[in-house]
Amino acid sequence: MKPRISMITLGVSDLQRSIEFYEKGLGFPRMDSPPEVAFFTLSGTWLGLYGRNALAEDALVDGAPGGFSGFSLAHNVSSEQEVDQVMAQAVSAGAVVTKPAQKTDWGGYAGYFSDPDGYLWEVAHNPLFWVGPPDGTA
């Protein structure tokens, strides 16, 4: 297996609400896709949105929602100010801040928000090294 993640698919409870959040609220570029799924191009990977029950059925697992899934997504940016800007954009799109942006014990600056289905996003500035492909590349 090659070390990469091609797509992250989130099982969502309301597809239209989630499309609005990611496309209009966060400004993610949406691709043409069938009506039962939405794809967004990210830098180096894709984000997929699919009905929670349909995704569970596709994976042959129980689709009942639970507590913390032990999973978060991360979005690294180049400054503390950009962390604050992204957090504010997410909140204006309907996100809930679970941890306000603040200095971290590892020397960075980060905060967390949850999307309409409770998926956690960390927005972080790491002054020690860049995580992911360089800005402006695919």
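Here is a yes/no grid of residues against (1) in contact (Cβ under 8 Å) with a residue 40 or more places away in the chain; (2) in contact with a Phe, Trp or Tyr (Cβ under 8 Å, 6 or more places away or on another chain):
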{"position": "Tyr50", "(1), (2)": "yes, no"}
{"position": "Leu55", "(1), (2)": "yes, no"}
{"position": "Asp84", "(1), (2)": "no, no"}
{"position": "Val91", "(1), (2)": "no, yes"}
Please go through region 1-16 and give me each residue that is surrounded by 15 or more Cβ atoms within 10 Å (Cβ to Cβ) and part of a helix (DSSP H, G or I), ordered by number.
Leu15
Just checking, how many residues over region 42-84 are under 12 Å from Tyr119 (Cβ atoms), of a type outside the set (Gly, Ala, Ser) and in a loop (DSSP other than H, G, I, E, B)?
3
Filter region 17-41 down to the residues that are polar (S, T, N, Q) and over 18 Å from Tyr119 (Cβ atoms), then identify the one that is least open to solvent (accessible area, probe 1.4 Å).
Ser33
Answer residue from region 85-94, given it is out of contact with any strand residue (DSSP E or B) (no Cβ under 9 Å at 6 or more places or on another chain) and assigned to a helix (DSSP H, G or I) and is surrounded by the fewest Cβ atoms within 10 Å (Cβ to Cβ) among those:
Ser92
How about region 112-138: which of its residues are open to solvent by less than 30 Å² (accessible area, probe 1.4 Å) and either closer than 17 Å to Leu47 by Cα or under 13 Å from the mean Cα position of the chain (by Cα) (or both)?
Phe113, Ser114, Asp115, Trp121, Val123, Ala124
Condition test on Glu57, is it more than 13 Å from the chain's Cα centre (by Cα) and crowded, with 16+ Cβ neighbours inside 10 Å?
no
Within region 95-123, how many residues turn out to be more than 24 Å from Gly11 (Cα to Cα) and outside any loop (DSSP other than H, G, I, E, B)?
6
Do the conditions hold for Phe71, that is, is it within 14 Å of Ile8 (Cβ to Cβ), surrounded by fewer than 13 Cβ atoms within 10 Å (Cβ to Cβ), without any contact (Cβ under 8 Å) to a residue 60 or more places away in the chain and hydrophobic (A, V, I, L, M, F, W, C)?
yes
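The values are calculated or read from the model by the stated rules, or taken from the named source; none is laboratory data. Keep in mind it's a predicted model, so treat the numbers as computed, not measured. Virtual Cβ from ideal backbone geometry, glycine too; neighbours counted across all protein chains shown. Calculation scope for accessible area: heavy atoms of the full protein, side chains included, ligands and nucleic acids excluded. Shrake-Rupley method; radii C 1.70, N 1.55, O 1.52, S 1.80 Å.
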